[in-house]
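As structure tokens, the structure follows; a few thoughts come after it.
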Amino acid sequence: MIRGIKVSGLKIGLIIVLIAVAVLALRWLDSSNSEKTGQQTSICNLQQSECDWQQQGQNWRVSLSDITTNNDTETNYRLDIVAPGAPQPLLVVLRGESMYMGEYPVPLVRNGNDYYAEFSAPFCTTGDAMNWRVDLQKGMTPLADQPLFRMVFQAD
């Protein structure tokens, strides 16, 4: 009887160890996969500051301003981008950060190394505000060198 208890305890201990190893392995694989894919982990809030980074040896900068006037019924934004050596066509895509609501391409107007877009963010009918992520792409393909942060803003 005692021998049976030891075997059962050994089996339970072995199962616990295997589960712990599996959990640690999954976390390790997830973190190494994030590094390999260049997944963005930190956030740059465009309503609080400009977002700056090095892209192919050049300084890129993205800023967002509220250009809503008293006559507007929705919030309007202007997105300014400084992107020397940007691949063509450079495209901005809005993606829901707090809730998936699709992908919304925003056409850019080019002026040398500078680009801008004026737009109103799609509104969310289930809450007061929606957090949006701003992604830069070459046409329909994500840029090869993504910044190490996600550019986000909150639309009311």
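The values are calculated or read from the model by the stated rules, or taken from the named source; none is laboratory data. Because the structure is a prediction, the values reported are computed rather than measured. Using ideal geometry, Cβ is built from the backbone for each residue, glycine included, and neighbour counts are taken over all protein chains shown.
Descriptive notes on the structure:
- Qualifying residue in the stretch 107-115 (condition: in contact with a Pro (Cβ under 7 Å, 6 or more places away or on another chain) and either under 25 Å from Thr41 (Cβ atoms) or not assigned by TED's automatic domain parsing to the domain that holds Gln56 (or both)): no
- Criterion (aliphatic (A, V, I, L, M), surrounded by fewer than 17 Cβ atoms within 10 Å (Cβ to Cβ) and modelled with pLDDT of 95 or more) met by exactly one of Val109, Val152: Val109
- Unmet requirement for Tyr104, which otherwise passes all of (1) over 20 Å from Cys44 (Cα atoms); (2) modelled with pLDDT of 90 or more: (1)
- Filter result for the condition that a residue is under 20 Å from the mean Cα position of the chain (by Cα) and either in contact (Cβ under 8 Å) with a residue 24 or more places away in the chain or surrounded by fewer than 17 Cβ atoms within 10 Å (Cβ to Cβ) (or both), over Asp80, Asp114: Asp80
- Qualifying positions in the stretch 95-119 - part of a loop (DSSP other than H, G, I, E, B) and under 10 Å from Ile81 (Cβ atoms): Leu108, Asn113
- Checking Glu50 against (1) out of contact with any Ser or Thr (no Cβ under 9 Å at 6 or more places or on another chain); (2) closer than 24 Å to Asn113 by Cβ; (3) at pLDDT 60 or above, the condition it does not meet: (1)
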